[in-house]
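Quick one: structure below, then a few questions.
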Amino acid sequence: MKSTIHRCRDVEHGRGQTEEGAGFNCLQTEQRIPISKDVITSSSASATWFIRDACGIVCAVITWLLVLYAEFVVLFVMLLPSKNLTYSIVNGTLFNTLAFLALTSHLRAMCTDPGAVPKGNATKEYIESLQLKPGQVVYKCPKCCSIKPDRAHHCSVCKRCIRKMDHHCPWVNNCVGENNQKYFVLFTMYIALISLHALAMVVFHFLYCFEDDWTKCSSFSPPATVILLILLCFEGLLFLIFTSVMFGTQVHSICTDETGIEQLKKEERRWAKKTKWMNMRAVFGHPFSLLWFSPFSTPDHGKAETYQGSNV
């Protein structure tokens, strides 16, 4: 017996029929649909994108609060009370720049359409209006009634089919897909860097306070200073491990051109194999430049990746 996953991707030979008299506007779940490539590659063009998921919103808010807590401890506990002005300026500038890039990357990963397929376009009227040519087949998602491109998967949280969906991340309250994977990778990278930087400053501050008077190395009382530094150390260590692992898995997924879902399901490769450098350029844009590391730069995915229907 076939699993639900395989049934959703099956096709039947012959032209699809609608259930007349039953009030169905969508095409049947399993059927052969001739379609043009333009329809497969089209995407929903929405002005704004935000997932109204309670768990995801809470996780996103917690992420921002933890970064702001780190900002507070770094600035008001370690840098401002320091007697070394150069040390404070250099580390303050570096930490705040990385934190700003991390939060900007988080915001763009959260508010960017990850590659949602147009919803509800697999109707009889729409298919007939395309003046279709025989010989190609595509798949239809029974959950959102959309024409499903190859390598697209349905997200139960976003309630949409997402092109090259890697996974749904509650910390960014969004799916990680074709259009926002760059921002998610940058978010994990910058969080790992500020975590490492914060840990280094905590260690240096502890050594400095042990050698000097605790009452002079911070504007807070010694017990409060110790508690704030320990909490920051715990937070930095936890986030450093977590985001470093996520960054490594994302880079590996990009280089192998295989999403997390495809690896988990062990799906058969039906797309052309490319070099690792081409796969990196497909996500971060053409050509290589400092814009790869900027969350303000939008990569051009259209030149790097195309989707084609299966021929029969």
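What is the stretch 182-312 by shape, rounded, prolate or oblate, if you read a ≥ b ≥ c off the alpha carbon gyration tensor as root eigenvalues and call it rounded for a/c under 1.5, prolate for a/b larger than b/c, and oblate otherwise? Write down the numbers at each step before the final one.
Values: a/c = 4.54, a/b = 2.79, b/c = 1.63.
Cα axes put the stretch 182-312 in the prolate bin.
What residues from the stretch 78-100 fall in the zone where the backbone N is under 11 Å from a label point 7 Å along the Cα-to-C-beta line of residue 219?
The answer is 78-82, whose backbone nitrogens lie closer than 11 Å to the label point.
Quick one: pull the percent of accessible area on the stretch 60-172 belonging to carbon and sulfur, 1.4 Å probe, ligands and nucleic acids left out. Provide the component values of the computation, followed by the final result.
Working: 3240 of 4870 Å².
For the stretch 60-172, the apolar C and S fraction of the accessible surface comes to 67 percent.
Taking a 32 Å limit on the Cα-Cα distance, which of the listed pairs 83/182; 119/274; 148/273; 148/274; 140/182 fall beyond it?
Details: 83/182 40 Å; 119/274 30 Å; 148/273 21 Å; 148/274 23 Å; 140/182 28 Å.
Those over the limit are 83/182.
So if each residue of separation counts as 0.36 nm, and I subtract the Cα-Cα distance between residue 294 and residue 267, what length gain in nm does that give? Numbers along the way, then the final one.
On the way: separation 27, 0.36 × 27 = 9.72 nm, distance 3.25 nm.
That pair, residue 294 and residue 267, stretches by 6.5 nm at full extension.
I've got another one for you. Rounded to the nearest 0.05, what FRET efficiency do residue 123 and residue 249 have when you use their Cβ-Cβ distance and R0 = 41 Å?
Working: r = 38 Å, r/R0 = 0.93.
Given R0 = 41 Å and the Cβ-Cβ separation, E is 0.60.
Separate question: Please work out how much length the chain gains when fully extended from residue 54 to residue 66, using 0.36 nm per residue of separation minus the C-alpha to C-alpha distance, in nm with one decimal. Mind dumping the intermediate values first?
Details: separation 12, 0.36 × 12 = 4.32 nm, distance 1.84 nm.
Extra length from residue 54 to residue 66 when fully extended: 2.5 nm.
The values are calculated or read from the model by the stated rules, or taken from the named source; none is laboratory data. What you are looking at is a predicted structure, and each value in this text was computed from that prediction instead of being measured. Virtual Cβ from ideal backbone geometry, glycine too; neighbours counted across all protein chains shown. The area values use the complete protein model at the heavy-atom level, side chains included, leaving out ligands, DNA and RNA. Shrake-Rupley method; radii C 1.70, N 1.55, O 1.52, S 1.80 Å.
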